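Let me begin by presenting the structure, written as structure tokens, before commenting on it.
The values are calculated or read from the model by the stated rules, or taken from the named source; none is laboratory data. Keep in mind that what you see is a predicted model, and the values were worked out from it rather than measured. When we count neighbours, we look across all protein chains shown, and the Cβ atoms used for this are built from the backbone with ideal geometry, even at glycine. Just so you know, the surface numbers come from the protein's heavy atoms only, side chains and all, with ligands and any DNA or RNA stripped out. Shrake-Rupley method; radii C 1.70, N 1.55, O 1.52, S 1.80 Å.
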Amino acid sequence: MKLINTLIFLFVSIVVLAQEQSLFNGKDLSGWTIYGTEKWYVEDGLLVSESGPDAQYGYLATDEHYKDFVLTLEFFQEADGNSGVFIRSTVDGTKVSGWQVEVAPKGKHTGGVYESYGRGWLIKPSPEKEKVLKEGDWNKMKIQLSGDKLTSWLNGVEMVTIEDDKIGEGDGSIALQIHAGGGIKVKWRNIKITTPE
């Protein structure tokens, strides 16, 4: 009986220590800031990112900074889906510092981790995992960050895990990206974050 009570206490403690919140309200871009001239808007309850006439890099970043968390979201790639989810990042104009969990067309390493203006690719999914991405459909991504360890999942499949000192030292926002080049359109929904209490 004592063991059962202890287990119940631990379970309740874990639930209490984690707090989930939605980062996107389905109505407007409250809590986010646009960087660059690319298009970010809400349509039919979805967050839409789309290349603008300048066809440059664009970012939509949370106003709050997040260190350790579990982030879940869904994305639907229309046209070219070259995008990404940046973590512990800051944006100056359209220059971003931080790490990107890739969102890209099939065969372009969705779920891999890329360091912009730094070391480039840190880790890519193994080739057989490239087929996990669903074209013409919604995909679910999960990103877990704890200290210097980052793990990504796509549609329930673990894509990569990396432990990196620089990531561990990072601090900043969560940011969605539009890649330069034009012709990109990605829809997003159910953007939720769970953080330690």
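Summary table below
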| quantity | calculated |
| --- | --- |
| Whole-number D in µm² s⁻¹ for the stretch 124-197, Kirkwood Cα-pair radius fed into Stokes-Einstein, 10 °C, 1.306 mPa s | 109 |
| Nearest 10 degrees, 0 to 90: helix 2-17 Cα axis against the chain principal axis | 30 |
| Neighbourhood charge, 14 Å Cβ-Cβ cut-off, centred on Gly170 and excluding it, Lys, Arg +1 and Asp, Glu -1 | -3 |
| Mean separation of Cα contacts under 8 Å (6+ apart) over length of the chain, as relative contact order % | 32 |
| Top of Gln19, Gln144, Gln100 by mean-square fluctuation, Gaussian network on the chain, Cα under 10 Å | Gln19 |
| Tyr117-Glu43 pseudo-label distance in nm [points 7 Å out on the Cα-to-Cβ vector] | 3.0 |
| Between the stretch 176-196 and the stretch 110-133, the alpha-carbon center distance in angstrom | 16 |
| In Å², nearest 10: area of Lys106 left accessible to a 1.4 Å probe | 90 |
| Net charge of Cβ neighbours under 12 Å - reference Ala104; Lys, Arg +1; Asp, Glu -1 | -1 |
| Per-residue SASA entry for Thr194, accessible area with 1.4 Å probe, Å² rounded to 10 | 40 |
| Accessible area in square angstrom per residue, the chain, 1.4 angstrom probe | 50 |
| Proximal aspartates and glutamates relative to Lys142, as straight alpha-carbon distance under 15 Å, when same-chain residues fewer than 8 apart are discounted | Glu20, Asp68, Glu74, Glu102, Glu158 |
| Check: the stretch 106-197 dipole with +1 on Lys, Arg Cβ and -1 on Asp, Glu Cβ, in debye | 640 |
| Enclosed volume per residue, in Å³, of the convex hull spanned by Cα atoms of the stretch 25-142 | 118 |
| Once the Cα gyration tensor of the chain is diagonalised, semi-axes √(5λ) in Å | 29, 19, 17 |
| Accessible carbon and sulfur surface of the chain relative to its total accessible area, %, 1.4 Å | 52 |
| Listed residues Glu128, Glu50, Glu158, most fluctuating in the chain (Gaussian network, C-alpha, under 10 Å) | Glu128 |
| Total charge dipole magnitude, the chain, about the Cα centre, Cβ charges on Lys, Arg, Asp, Glu only, Debye to nearest 20 | 440 |
| Rounded accessible area of Asp28 (nearest 10 Å², 1.4 Å probe) | 70 |
| Cβ-based charge dipole, the chain, positive-most Cα from Gly156, Phe75, Asn25 | Gly156 |
| Order of exposure, largest accessible area first, which applies to Tyr66, Tyr41 with probe 1.4 Å | Tyr41, Tyr66 |
| Contour excess over end-to-end distance, with Cα ends at Glu20 and Glu163 and 0.36 nm allotted per residue | 49.1 nm |
